[in-house]
1. Please list, ordered by chain and number, the residues whose modelled amide H lies under 5 Å from the amide H of L184; skip anything fewer than 5 residues away on the same chain.
2. Can you say what percent of the DSSP beta bridges in region 326-483, counting only those with both residues inside, are antiparallel? Round to 5.
3. Roughly speaking, what is the stretch gain from E640 to L62, that is 0.36 nm per residue apart minus the C-alpha to C-alpha distance, in nm to one decimal?
4. Report, to the nearest whole %, how much of the accessible area of region 132-274 belongs to carbon and sulfur atoms, 1.4 Å probe, protein only.
5. Using 7 Å Cα-to-Cβ label points, what is the E482/S75 separation (nm, one decimal)?
6. Would you mind classifying region 284-326 by shape? Square roots of the alpha carbon gyration tensor eigenvalues, ordered a ≥ b ≥ c; an a/c under 1.5 is rounded, otherwise it is prolate if a/b is larger than b/c and oblate if not.
7. Give the carbon-plus-sulfur fraction of the accessible surface of region 309-453 in %, rounded to a whole number; probe 1.4 Å, heavy atoms of protein chains only.
8. Using packing as a proxy for protection, rank 613-625, 159-171, 476-488 so that the peptide with the highest average count of other Cβ atoms within 10 Å comes first.
Amino acid sequence: MPHRREPVPRARHMGHWLGGILLLGILGGGVVAAAMLLWENLDVRQLAPTLVASPTRLPEPLDPGPPAIRSSVFSVVLLNSPRNAAFFPDQGYYSTTVARWRGMIGDLGGELREVGSFEDLEGIDSTNVLIVPEAPCLSQRELEAVLAHVDGGGSLVFEGALGVRDESCEWRGWGPVRALTGALDLRELGVTGEGLFLTVPAGTPLSAGLDPGTRIELLPEPSLALSSTGPRVFWSDWALNPTAAGGGDADAAATAAIMDGGGRLAWFGFRVTRAATPRDSVRLERLVGNGILWAAGIPSAAPAPWPGGKQAALVVAQDVEAEYETAAALAGVLVEENLPGTFFAVSGLVSGDRPLAEALAAAGEIGSHTSDHLPLVGLSYRDQAVRLRRSQSELREWSGSEVVVGLRPPEESFDTNTIRAWHEAGGAYLMAVNQGRSASPEIHAWQDRTLVVIPRLMKDDYNVFVQEGAIRTERLTEAFLEGVRKLRTLGGLATVDMHTQIVGDGRRLDAVRAVAAEVRSNGDWWAATAGDVAGWWEARSEVRISYIRPEYPEGTGAEDPTGDPAFGDSLDAGLDGGGVATHPAMEFLVESPRDLTGTDLWIEVLLPEGVGDLKPFVDGVPVPFRSTDWGIKVPVGALEAGASRILSLRSTPTQ
């Protein structure tokens, strides 16, 4: 559903403007907060041309592509329980739920067998994935059969409160869910008037094919939350902050784990049919599908979010508006700290200051904050196109750039006309709030072209000093560090944003120095200009990975530790004279339609248990890699447009 709030709200309505005027009249121009509030809104209301109907929602971004999976048939046993069908008041609910699971299993290549009673559950082969949709009511024998399957090394995927009621649907307790998930705390999420959200961080078995920090909205209804010490999909507010049920530490909405018996478990604390919108439904189905593939032990491969396999990305940006000369101070700090910066200038203000342009260009890139700082959202396409072309022309002349690719729209608001007009003006990206839809850039399409939206999910200096009324410089430092740590946890993009008339050239710049120290201490950040991030994200979005079934000489055996029958079980037959593996267990073709020569593409591979001896090769050459809790990260290097690499995973001899 649409939301009235943004992750970092900004004052934009007439009441704020009138309040600022009144306060200014009473207290005079010496009141800094009132002056800033006036700056935020005065030109907007007095000078804006006639507005057309403004959209109630942001334009929808394109969906990210799914991960590449090793093509392999896997066996699934699905519990379709008449007892549980009768438990729900809505008689059509259970059949709809089972049908959704049945469809997802089929789409993923699973061979499905449905069972309905404990007799059918007993003795299920551990090679089968047991999937249990919405089964609160289980007899003791049914529950024991499920537990025996897991204890015997079988994998389990289940939804909600499995087995918390007996065969008569009388309350048994949370014990079965606790025993299976290992949760120390488990609580119900009550229904409220607010939306129900979950957020998917990068780096979990459930994250493949979902951008870091993807937020999914569900229809408000009772759901479950449990405590989990490992990576998890968590319940959140609309700004991607974890929310724990009942004031405790139970915030996991979905988890994946390897069980003591060697099998795999995926648990979902929500109903899979209850996505709030079609867009949310697509993402929810991918999330649950990842859980099924994880339980089945199917390897997958997807581009890592950031170059070099980094955990997160950082952009430092400034709006160059009133008191624009102070932008040179931030540029100097960024050069000292070896951080690139992006400066969005109001071109009508700065065009006469050529030395400033040179200082900003030396520290990073220059983008547009329009020519006159008037808002764009709601204007006709023609009005927006005229304004953005004028700003392009002014900034090119001022900065000496051939083209200005970045736009930061005033009030951080944009619509489809903004996307189209900035396209036509030669732009490639814009930076604005995205209502917390994700913690990573978004791709928007216009005809045969795309444009990247760089989101801001952190507080900026305006939020801290104007909206919150902070006085101490340290409060800005605290807000920036809190934000970058949050985005690092999500594996997303941290945008540190400031304004020339607020940060100025004094002690408030110490907050930027603190961010630089934080980034250096972690060592897993990619710091870049907003333009570099946009170019990377657009090129990455078109990287294609496909599974290749390896071919082997006859007589090399018939069993692969990953489940591919083409792989030979004779290790010696797969080695050359120097003891190097020559026959891959699996191969993926990596193709890049766009140029990636300036960056280092890495691939994240999710691997099943029991193939820890697999080592990566790129075009037949062994490469260094990083192990993760769920697989490996592999560098495939810089690719020219149209280039490809073959990523092979090969079994190597143990010493």
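1. Answer set, sorted by chain and number: S227.
2. Numbers: 5 of 17 bridges.
Here the share of antiparallel DSSP bridges comes out near 30 percent.
3. Details: separation 578, 0.36 × 578 = 208.08 nm, distance 2.39 nm.
Gain on extension, E640 to L62, equals 205.7 nm.
4. Working: 2270 of 4800 Å².
It is 47 percent, rounded to a whole number.
5. Going by the 7 Å Cα→Cβ label model, 5.4 nm.
6. Working: a/c = 7.21, a/b = 3.06, b/c = 2.36.
Prolate shape, in that a/c is at least 1.5 and a/b is the bigger ratio.
7. Numbers: 2100 of 4560 Å².
The computed percentage sits at 46.
8. Working: 613-625: 15.4, 159-171: 17.7, 476-488: 19.9.
Taking the mean over residues of other Cβ atoms within 10 Å, the ranking is 476-488, 159-171, 613-625.
The values are calculated or read from the model by the stated rules, or taken from the named source; none is laboratory data. Predicted model only: the values in this text are computed from it and were never measured. Positions of Cβ are backbone-derived with ideal geometry, glycine not excepted, and every protein chain shown enters the neighbour counts. SASA here: full protein model, heavy atoms, side chains in, ligands and nucleic acids out. Shrake-Rupley method; radii C 1.70, N 1.55, O 1.52, S 1.80 Å.
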